[in-house]
Number of protein chains: 2
Amino acid sequence: MILDPLFSPRSVAIVGASQNARKVGGMPVHLLGQLGYAGAIYPVNPGAAEVQGLKAFASVAELPEPVDMAIVAVPAGSVEPVIEQLVAQRARAAVVLSSGFAEMGEQGAVVQARMAACARKSGLALLGPNCLGVMNLRQKLFATFSPAPLAGVPQVGSVAIVSQSGAFGAYAYSLARKNDLGLSHWVTTGNEAAVSVADVIDWLADDADTQVILAYIEGARDGAALQRALLKARAAGKPVIVTKVGRTAAGARAAMSHTASLSGEDAVYQAVFDATGAIRARTVDEMFRLAQAFALGMPPAGRRLAIVTVSGGVGTLMADSASDEGLELPPLPAPVCEALRARIPFCATDNPVDVTGQVTADLPVLGMAMQGAATSGEYDALAIFVAAALGSPALAPPIVQMVRETLAAAPQMPVALSGIADDQTRRALLDAGCLVYEEPTHAVEVLAAKARWAAHRAEEVAVPAPLAQPPAVLNEVEALAFLSRHGVPPAPHRLAHSAEEAVSAWKALGGQAVLKIVSADLLHKSDVGGVRVGLRSEQEVREAHDAIVASVTRLAPRARRQGLLVARKLDPLAEVMLGARHDPVFGTVIVLGLGGVAVELHARTAVLTAPTSAARVHACLAGLGILKLLGGWRGRPAVDAQPLVDTVLRFADIAAALGPRLGTLEINPLIVTAEGVAAADAVVSFVPA
Amino acid sequence: MILDPLFSPRSVAIVGASQNARKVGGMPVHLLGQLGYAGAIYPVNPGAAEVQGLKAFASVAELPEPVDMAIVAVPAGSVEPVIEQLVAQRARAAVVLSSGFAEMGEQGAVVQARMAACARKSGLALLGPNCLGVMNLRQKLFATFSPAPLAGVPQVGSVAIVSQSGAFGAYAYSLARKNDLGLSHWVTTGNEAAVSVADVIDWLADDADTQVILAYIEGARDGAALQRALLKARAAGKPVIVTKVGRTAAGARAAMSHTASLSGEDAVYQAVFDATGAIRARTVDEMFRLAQAFALGMPPAGRRLAIVTVSGGVGTLMADSASDEGLELPPLPAPVCEALRARIPFCATDNPVDVTGQVTADLPVLGMAMQGAATSGEYDALAIFVAAALGSPALAPPIVQMVRETLAAAPQMPVALSGIADDQTRRALLDAGCLVYEEPTHAVEVLAAKARWAAHRAEEVAVPAPLAQPPAVLNEVEALAFLSRHGVPPAPHRLAHSAEEAVSAWKALGGQAVLKIVSADLLHKSDVGGVRVGLRSEQEVREAHDAIVASVTRLAPRARRQGLLVARKLDPLAEVMLGARHDPVFGTVIVLGLGGVAVELHARTAVLTAPTSAARVHACLAGLGILKLLGGWRGRPAVDAQPLVDTVLRFADIAAALGPRLGTLEINPLIVTAEGVAAADAVVSFVPA
């Protein structure tokens, strides 16, 4: 789909144009006519020779040229014929403002689908229906019926807003104007018959006028397209700041495996954002704060933060925040400390640096601290707190000058300042390239977000080769063999078909073993007496074999008995569960967690899209506390996490390679020992091709 | 200590008064003289007959009357004699601005302690040293060397600010002015030689001019005083909003028990705030937002929230936030829904209610939704989102009028609105009694904070009677008996002194039992082979008895062997660990958690001050997920949580009654079964009197 005519049309027709500027068909004529759009404007109205002072046309067929864009503002029942006429007249884009389609029920959805098919076939870029339109701020294109532009137009800038919701989009437009956030484009996608938020992000990733993308998403239909678009934006160096609200209906997830049921749909979205570097905002406030921070065009941040303050208390608050955000606070190098102490003896020269209230008596010391930290080579970002000093007409100009000098001396250092500043001082600091906040923790949070984004851009994901066709349902021995073939080691085990075979397997495995019935028909082996542990003699192994066979025969007479698995009992340092499922929107995802009832209770699981990268797996194992557990926690032996990371990557590759043929893929537990990892139980099944 | 002269002095002397208004001893003379203080002002300066136009006195001894307050701004070395002179002259309060005491090291601390003792003996209210002073906004008392009042004075109002940090206090003053927050008093306590933040809160709890208290705390020395002050403020109906930054040194907690080591000092502060209803703010921003919300004098909120919006997307965002904050969103009653649907057919009438963008065409429907929800009797609070509608000169006045009518029709309903509003509209809404935010989630968060506070005021804590003197160290049987006497049931058990006694105890307990060595000298019984489980025959019990005795004799030859405990093995629905310790600042605290390695790893424990209330225990069990676990989680049997709640209350009472004599008090695990709870292992020891 070619979206250029949606964003840069040389001509616009308004189908259903109205004389009344307050009506849906009147507002776009008014806005295009009054706010400076330079292209041709063609009102279409069968009953008027002129609309708002412009020559009108009786129908689409009578338009004097194939238009780049048609805004459609006719009643729902008349939209489909208009789309057909537009296709016939070789229009390139349609912005359907009319409501009354999929949002109204089945009948509307059918018409909407027909319109989408018609548009797709002919290459017409169809936006909406039930949307609020599109704006290109540079070209003064206001193809919308929102009255918001009448109250004022935001600065032209490098931030694009794309919103599924019209109301949210209009609100975001007003906030951008109020907060002086410069916009490139503004798009609402409404029902997304054809053009989706993902399509718009994809286009914006190529757009030279856009550097930062704000996206509001209620739910994506094509998860792969969204992921591709987010990755394309990341590759183009354009941060995407996403607000994703609510959860989709639980009904959509009926086929979900037990493990995944802990995760909630929202966790999948989060996994997608994590995997693609999209930055999730929890509030509207945060969305705009991040947009401004990324739009300022500062150098990228890293994790080593310097904090320079005039208050030890607020410095501590900022250090707490830095720690929450995963930033490091390396100490200030000794020469800088000494220089500061020479000027203010009781200046705290740890990091946070507190130049104390004495700064009012010796202001230059604040500049020394800023510049000393920024040029020391020990830091990747600088956060400053100056309390109310910028409110003083005597202090504000020299502080702004200090910031300028710091930025000149350390051009690779992103700087965020907090304190009370009037608009003029705030503007001067922003113009100098320094972020400004009233809330001290915001300075830390935006630098942390920038650091995370910079780190994320380096991540790479390799796509696995497809797998050979396996049978539909595997028993446990087959499941372990399948995993083993694809790089996941099983616990040592043997398959036994008699009590004697069980005894010799038990001996061969060193006398520490578990006996389990093998049957592709039995998912819950314990429930039918199919598992025995703690076997301490040949006699007990023989008895256990017979007891299992007897119990399974009695309780599950129809289940195939495919032998007994004799598996070595391992001594776990940690037990991890791994599950995978095919998400209807986003494709393959895997779920990781620690085992045990308390863990399930607290939903301590994490979701990753598959395939994934070692960086993602590391982040996930750290988040679950598993890295801490393996790192010698509470006097336990420390073990190398690498075999676990590799195995999770292999597991994700298997799941991704299966794609939609994935039925159940679960290892529970995957046992981590001092020697490596081993799958101690596995369930594998496939959806028939 | 009588603090009245600190807040309402009829006369103020400035010792070390300077002609130069920019100096520490000059600024207070300037501020008192210029900003309207009505009492007598006496500069004290041996070298001047007049200071800043006021008659000066050569020394404290020559003051014409015993002053209510003396501001001390002389070099550190001269402060102590001044304090002695002030005591001799019967001054009632001293505000020591001078630095150079405890913050400088041991020597300064010694002088400071002497000054504090001198002040205490004579009833002198000593504020500081190393503080920024005190203000009473009504009386125009600016006893400070902060230049902040020169830039402007905040409104007089009902919010008091008390801060340990001078720099934070000055910043908060500036923010109050900038944000139109009306102040009653402003106090910085600095080194707290005598007057602490707790003392100030205690005084403010009685002060008729103060309704809301903002406190900034770095660390309390007298935890009991802080708790008493916070409870007094709560009883007086005055919310205390606290910012507590940083963590105290790990060294202060050497005597801490293993269980408590999971909690961190900060968790104790949090427990104190939870127990006293203090509202913790995580950012400066939040501190002021909450202050304003509580200062507005709205009716108390409850948990049932109605959300009325013009955007389904933002409504969902607000619903997510309400859910995070533990609020309920009951559905809108049918008659209100029907009335709304009759006007806007596609209005979403669930809660959140979305009157849609059609509100611009039919504005009164917004008022119908607000008032319908507010007067329905189904809600305790109302949050509204109007996007940019208040930015329109045509829409703002009628929306403000709707809010007024809603408040008039439902005077018991707290209302918070979000959207873009200019200052005038914002002011009009606040004057009407409606909170206003730009960020939609803030409207939800403040209503949630108000609801939590209202619920908290109802909580009561009973103080337990002291316990009879027990021996210093108990063995496990004695520990279980001690707990049992005080209301904590043990698991059924017997004490055996021979293999035969062990066998008959095993039989009597139903053949499902654990054998453990009993010794007050052995804390870790497993480590010396002192525990055996899974005993299935008399023979195995006999062998286990002999093996335990042999192993303990060999591995711990000096430990007293006080028999063997034969304890019934219970079938746990949940295992809870309970610990207690005596915190050096706050006295007795207890720690709760679920058992198991994963739980420890994720530090899933909670701290409560002791004694505590059923409401606190409930909140804590809910926070740990234990209530969910007992409530029939994932197909497990549901059991009554009351026996567990009662046992935790008894445990807290025992710990509190022991007070500083508490050594170790730990139950791990406390087993929850369908029949109730039982302590399966306990460690109890006492600090010798």
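The values are calculated or read from the model by the stated rules, or taken from the named source; none is laboratory data. Predicted, not measured: the structure shown is a model, and the values here were computed from it. Virtual Cβ from ideal backbone geometry, glycine too; neighbours counted across all protein chains shown. Surface areas here come from the heavy atoms of the whole protein model, side chains and all, with no ligands, DNA or RNA. Shrake-Rupley method; radii C 1.70, N 1.55, O 1.52, S 1.80 Å.
A few notes on this one:
- Ascending list, in nanometres, of distances separating the B:Pro397 label from those of the other copies (7 Å, Cα toward Cβ): 4.4
- Principal axis extents of the C-alpha atoms in the range A:298-457 (largest first, rounded to whole Å): 44, 36, 28.
- For B:Ala574, nonlocal amide neighbours, meaning residues 5 or more places apart or on other chains whose placed amide H falls under 5 Å from its own, are B:Val672.
- Computed across the range A:492-568, the Kirkwood radius stands at 11.9 Å (inverse of mean 1/r, all Cα pairs).
- Scalar couplings 3J(HN,Hα) for the range B:316-321, obtained by applying the Karplus form with A = 6.51, B = -1.76, C = 1.60 to θ = phi - 60°, are 5, 4, 5, 5, 4, 5 Hz; x denotes Gly and Pro.
- Using a 1.4 Å probe over protein heavy atoms, the accessible area lost on pairing B with A, summed over both chains, comes to approximately 4300 Å².
- Acute angle (nearest 10 degrees) that the helix B:334-343 long axis makes with the longest principal axis of chain B, alpha-carbon atoms: 50 degrees
- In percent, rounded to a whole number, the relative contact order of chain B is 9, using alpha-carbon pairs under 8 Å and six or more apart.
- Tilt relative to chain A, helix A:364-374 - C-alpha long axis, 0 to 90 degrees, to 10: 50 degrees
- Accessible solvent surface per residue of the range A:492-568, calculated while the other protein chains remain in place, 1.4 angstrom probe, Å²: 52 Å²
- Enclosed volume per residue, in Å³, of the convex hull spanned by Cα atoms of the range B:132-233: 87 Å³
- Cα convex hull, the range A:615-656: 61 Å³ per residue, rounded to a whole number.
- Diffusion coefficient, µm² s⁻¹, Stokes-Einstein with Kirkwood Rh over alpha-carbon pairs of the range B:510-550 at 20 °C and 1.002 mPa s: 203 µm²/s
- Percentage relative contact order, the range A:298-457, counting C-alpha pairs under 8 Å, at least six apart: 30 percent
- Sites excluded, GluC sites (Glu not before Pro) in DSSP loops with at most 14 other C-beta within 10 Å, longest stretch of chain A: A:1-459
- Measuring between alpha carbons in the structure, the pairs from B:Lys232/B:Lys628; B:Lys23/B:Lys238; A:Lys507/B:Lys516; A:Lys525/A:Lys569 lying more than 28 angstrom apart are B:Lys232/B:Lys628; B:Lys23/B:Lys238; A:Lys507/B:Lys516.
- Residue order for B:Asp266, A:Asp324 - accessible surface, 1.4 angstrom probe, largest first: A:Asp324, B:Asp266
- Kirkwood Rh, angstrom, chain A [1 / mean 1/r, Cα pairs]: 29.1 Å
- Across the range A:542-596, Cα-Cα pairs farther apart than 12 Å form 78% of the total.
- The distance separating the Cα centre of the range A:152-182 from that of the range B:562-578 comes to 63 Å.
- Taking the three principal axes of the alpha carbon atoms in the range B:57-124, the coordinate ranges are 37, 24, 14 Å, sorted in descending order.
- Cα centroid separation - the range B:1-54 against the range A:185-205, whole Å: 67 Å
- Close amide H contacts of A:Tyr216 (hydrogens built in the peptide plane, cut-off under 5 Å, sequence separation of 5 or more or a different chain): A:Val162, A:Ser163, A:Gln164, A:Thr243.
- Here the dipole of chain A is about 900 debye; that uses its Cα centre as origin and unit charges on the Cβ of Lys and Arg (positive) and Asp and Glu (negative).
- Taking only Cα atoms of the range A:169-210, radius of gyration then Dmax in Å: 11.7, 33
- Shortest-first nm distances, A:Ala151 label point to equivalent points in other copies (7 Å, Cα→Cβ): 3.0
- For the protein assembly as shown, radius of gyration divided by Kirkwood radius, i.e. Rg to Rh on alpha-carbons: 1.00
- By the compact-protein rule of thumb, 2.2 N^0.38 Å, the alpha-carbon radius of gyration of the range A:574-686 corresponds to a ratio of 1.03.
- Shape category assigned to the range A:180-251 from the gyration tensor of Cα positions, a/c cut at 1.5: prolate
- Each pair of Cα atoms in the range A:357-451 enters the Kirkwood radius, and Stokes-Einstein at 37 °C and 0.692 mPa s then converts it into a translational diffusion coefficient of 249 µm²/s.
- The longest stretch of chain B left intact once loop-based trypsin sites (Lys or Arg not before Pro) with at most 10 other Cβ atoms within 10 Å are removed from consideration, loops following DSSP, is B:1-535.
- Pairwise centroid distance, computed over Cα atoms, of the range A:603-655 with the range B:440-455, Å: 38 Å
- Amide H partners (placed H, <5 Å) of B:Tyr437, local residues excluded: B:Leu417, B:Ser418, B:Gly419
- 29 Å tail of the calculated P(r), the range A:4-210, as % of Cα pairs: 16 percent
- Cβ-vector label at 7 Å, B:Val110, separations to other copies in nm: 9.6
- Per residue, the average separation of C-alpha pairs within less than 8 Å and at least 6 apart gives the range A:1-130 a relative contact order of 25 percent.
- Charge tally for B:Ala682 (other residues, Cβ to Cβ under 10 Å; Lys, Arg +1; Asp, Glu -1): -4.
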